[in-house]
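Everything on this sheet refers to the single structure shown next.
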Amino acid sequence: MSDKMTSRQRIKTALNLEAPDRVPIDCGTIASSISNIAYKRLVNLLEIASLPKELERPDLNDPVNPDHDLTPCDEILELFGIDTRSVSPDQPIDSQALSRVQLDDYTYRDEWGVIWDRPRNEIGPYMYRIGPFQKDDFNIGDIEKYTWPDAHETHRVSGLKEKARTLHEETDYAIVVSVGHSSVAPCQRLRGFAEFMEDLIAEPKNAQALLEKVTDLIVESTVSILKEAGPYVDVVSFADDLGFQDRAYFREEMFQKQIKPYLAKCVQAIHDNTDAKVVMHSDGAIHALIPDLIDIGVDAINPVQTTAWNMNADQLKAEFGKSLAFWGAIDTQHTLPFGTPEDVRKEVKEKIETLGSGGGFVLTSCHTVRSEVPAENIRAMFEAAQEFGSYG
């Protein structure tokens, strides 16, 4: 067994595909936040003297966004043995950036020009609705004359260096920064999901032009973020969903020819500007694409959706565990929302025994803990991680 490690050492060791003293635990960084609705129940469940004031935090009750994600307070993170802390730019180029324009209580336009809305008659998160290029006569001229976000605006990274340096110098947590999405998701939202996928086959020049423009902006934004935070962070994450529940979005040949070169540019921008490890977030059945993700320099995948087709934990570890770490894996489709605390404990133990064998695993929920998840199951997940996670 390794000597007791700091959180930073623990994460770095796991991402180096080695065994730390125990399986590292994440919450609140890479697709692992908690719905404010579920979080209220968790605060009420835990017996911590300082927590009642947590129910008064401004971001907990937002009438314009009643179902949203947040990171637990330090007291809860410490109670659950969380090894990570997040540091984020104030205004990233992203659909959830503060620079979005609220059109009414249910609708906003992000700085890409994409419209999002949330349900009128029930509680639910904002969902993509329509993009500015979602029309029949879309062409390269639309890209050339469009007013694009400015990735170089200094306010985007204001204070980021100081926040990252303070966390790095004054704590021993592993510091995680997200640089947002890479190339695919913004194109799907700008053009429309189905329309962009059709363009890859029917209008490949249009799809390529859009990918090139979006990738250039993403790279500029990434470089801007990492010039500030790069020396002080341990992990850089980016997102780009590449899979449905039952298959990848792309055939391997199409991915390698039309998508991979652009994702490679995004990953290279990270490696060129920091020594931190790179974690890619992609939901779904991405097994067929993993060799290419390893090839472009991804160090770990998240959220490891083992309920998707061909994403069995044993198989993933056996095929890719010598080249890739795994971050996530505790099921948010079935076990966490609908299982018992004992079901959760069993799954945590199984995932540690498979994905955590020999190292290379950071445990957390497989995506955001949604509003329907019982507080008892959230607690069971983190307590079981501490109970079963030792490599001794």
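Quick note: the coordinates plus some simple rules give every number you see, no bench work behind them. On a predicted model such as this, the values are computed, not experimentally measured, just so you know. Neighbour counts are summed over all protein chains in view; Cβ atoms, including those assigned to glycine, are modelled from backbone coordinates with ideal geometry.
Give the relative contact order (percent, whole number) for the chain; include only Cα pairs under 8 Å separated by 6+ residues. Answer for the chain is 23 percent. Each of residue 220 and residue 47 was given a label point 7 Å from its Cα along the Cα-to-Cβ line. The distance between the two points is 5.6 nm. Highest mobility in the GNM of the chain, judged by mean-square fluctuation with C-alpha springs under 10 Å and restricted to 317, 257, 349, is found for 257.
Each residue in 361, 244 was given a count of other beta-carbon atoms within 10 angstrom of its own, and listing them fewest first yields 244, 361. Stretching residue 254 away from residue 6 to a fully extended chain increases their span by 85.0 nm, per 0.36 nm per residue minus the current alpha-carbon distance.
Place +1 on the Cβ of every Lys and Arg and -1 on the Cβ of every Asp and Glu in the stretch 7-388, take the dipole about the Cα centre, and give the residue among 17, 326, 300 whose Cα lies farthest towards its positive end. Toward the positive end, the furthest listed residue is 17. Between the C-alpha center of the stretch 14-50 and that of the stretch 347-371 there is a gap of 12 Å.
The ellipsoid equivalent to the alpha-carbon distribution of the stretch 7-388 has semi-axes of 31, 24, 21 angstrom, derived from the gyration tensor eigenvalues as √(5λ) and listed largest first. In the frame of its principal axes, the stretch 191-241 has Cα extents of 44, 19, 13 Å, reported largest first. Using the beta-carbon distance between residue 16 and residue 172 and R0 = 25 Å, what value does 1/(1 + (r/R0)^6) give for FRET efficiency, to the nearest 0.05? Approximately 0.90, to the nearest 0.05.
Listed by chain and number, the lysines whose C-alpha is less than 21 Å from the C-alpha of residue 351, apart from same-chain residues fewer than 8 away, are 12, 317, 322. Annotation: extensible slack from residue 140 through residue 104 equals 9.8 nm (criterion: 0.36 nm per residue apart, minus Cα-Cα distance).
Between the stretch 221-298 and the stretch 108-129, the alpha-carbon centres lie 26 Å apart.
Using only DSSP helix segments of four residues or longer, with each worth -39500 (n - 2.57), what per-residue ellipticity at 222 nm results for the chain after dividing by its residue count and rounding to 500? After summing the helix terms and dividing by residue count, I get -11000 deg cm²/dmol. Note on residue 53: aspartates and glutamates with a C-alpha under 15 Å away, same-chain residues under 8 apart excluded, are 74, 75.
Straight-line cross-link reach from residue 161 at under 19 Å between alpha-carbon atoms covers these lysines, not counting any fewer than eight positions away in the same chain: 227, 277. Around the Cα centre of the chain, unit charges on the Cβ atoms of Lys, Arg, Asp and Glu (plus for the first two, minus for the last two) sum to a dipole of about 240 debye. Distance between the 7 Å Cα→Cβ label points at residue 202 and residue 161: 4.9 nm. Counting 0.36 nm for each residue step from residue 387 to residue 340 and taking away their Cα separation leaves a gain of 15.2 nm.
Electrostatic bookkeeping for residue 52 treats Lys and Arg as +1 and Asp and Glu as -1; over the other residues with beta carbon under 13 Å from its beta carbon, the sum is -1. Of the options 371, 37, 148, report the single residue whose Cα projects farthest towards the positive end of the charge dipole of the stretch 7-388 (beta-carbon charges: Lys, Arg +1; Asp, Glu -1). Among 371, 37, 148, the one farthest towards the positive end of the dipole of the stretch 7-388 is 148. Spin-label model, residue 310 to residue 294: label points 7 Å out along the Cα-to-beta-carbon direction sit 1.5 nm apart.
All other residues whose Cβ lies under 11 angstrom from that of residue 130 are scored, Lys and Arg at +1 and Asp and Glu at -1, for a net of +3. The calculated FRET efficiency for residue 357 paired with residue 59, based on their beta-carbon distance and R0 = 41 Å, is about 0.60. Mean-square fluctuations from a GNM of the chain, with a 10 angstrom spring cutoff on Cα atoms, peak among 200, 17, 190 at 200. All other residues whose Cβ lies under 14 angstrom from that of residue 247 are scored, Lys and Arg at +1 and Asp and Glu at -1, for a net of -3.
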